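Trainee: What follows is a structure written as structure tokens; I'll ask about it next.
Every number in this text was worked out from the coordinates using simple rules, so none of it is lab data. From a predicted model like this one, the values you see are computed outputs, not experimental measurements. So basically every Cβ, Gly included, is an ideal-geometry build from the backbone, and we count neighbours across all protein chains shown.
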Amino acid sequence: MRFLKSGAITLLLFFFAFNATAQSTADTAKVTIEGNDKMQFNLDEIKVKAGQTVVLTLKHVGKLPKAAMGHNWVLLTQGTSIQEFGLAASKAKDNEYIPEGTENVIVHTELLGGGEQTTIEFEAPEAGTYDFICSFPGHYAMMKGKFIVE
Ligand code: CU
């Protein structure tokens with residue numbers, strides 16, 4: 001009886017250990033970033049590891065509608081000028097401010113209005129430092145940060 005009991009506990013411990021491993025963050029980086037009605041992201045730096053799957057949630061924690069204070073999260077390729085891209089993006093209203101056929105975007109979310117949120121999943125690009133911005137007209141001046149792949 002005593003043996004059975006300890007065996008059951010060992011099994012239980014093994015189960016928990018296995019479960020913890022399965023939920024480990026080694027393969028996945030979960031990131032939540034917020035945008036508000038003051039044209040601000042709450043993060044100016046996001047760090048992930050090469051090879052990780054990034055699960056990124058963008059939350060618009062404001063109340064203003066998309067047309068007035070839309071936010072997205074756009075990860076730019078290295079070497080992209082934020083200003084040049086931001087200007088081009090501001091003319092792409094019909095495509096949620098992502099220039100059609102652009103080669104400067106690694107990945108981006110949809111455009112959100114107040115109270116909305118969205119989640120995207122992507123493979124971290126190769127190690128290095130990348131810029132992220134909100135491409136809604138004029139927002140890139142304040143809504144930007146570094147996406148660092150280690
Ligand atoms: Cu924005």
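Trainee: Would you compute the Debye intensity of the range 93-141 from its alpha-carbon atoms alone, equal scatterers and no solvent, and pass along log10 I(q)/I(0) at q = 0.31 Å⁻¹ to two decimals?
Mentor: One equal scatterer on each Cα of the range 93-141 leads to -1.43.
Trainee: I would also like to ask the following. Please list, ordered by chain and number, the residues whose modelled amide H lies under 5 Å from the amide H of Val107; skip anything fewer than 5 residues away on the same chain.
Mentor: Leu75
Trainee: Going by how many other Cβ atoms sit within 10 Å of their own, how do Lys93, Lys144 line up, fewest first?
Mentor: In increasing order of surrounding Cβ atoms, one gets Lys93, Lys144.
Trainee: OK, next. Please compute the Cα-Cα pair-distance distribution of the range 31-149 with 10 Å bins starting at 0, giving whole percents from short to long.
Mentor: 15, 50, 32, 3
Trainee: Still on this structure: Taking neighbour Cβ counts within 10 Å as the exposure measure, how do Ser90, Ser135, Ser81 sort from fewest upward? If you can, show how the numbers build up before the last one.
Mentor: Details: Ser90 16, Ser135 28, Ser81 12.
Going from sparsest to densest Cβ surroundings: Ser81, Ser90, Ser135.
Trainee: Taking amide H atoms as placed 1.01 Å from N in the peptide plane, list the residues 5 or more away in sequence, or in a different chain, whose amide H sits under 5 Å from that of Ile46.
Mentor: So Ile46 has HN proximity to Lys146, Phe147, Ile148.
Trainee: At 1.002 mPa s and 20 °C, plugging the Kirkwood radius over alpha-carbon pairs of the range 45-98 into Stokes-Einstein gives what diffusion coefficient in µm²/s?
Mentor: Here the translational diffusion coefficient equals 157 µm²/s.
Trainee: Using the structure shown, list the pairs from Lys59/Lys93; Lys47/Lys91; Lys30/Lys91 with a Cα-Cα distance above 27 Å, or answer none.
Mentor: On the way: Lys59/Lys93 21 Å; Lys47/Lys91 30 Å; Lys30/Lys91 32 Å.
Going by Cα-Cα distance, Lys47/Lys91; Lys30/Lys91 fall outside the 27 Å limit.
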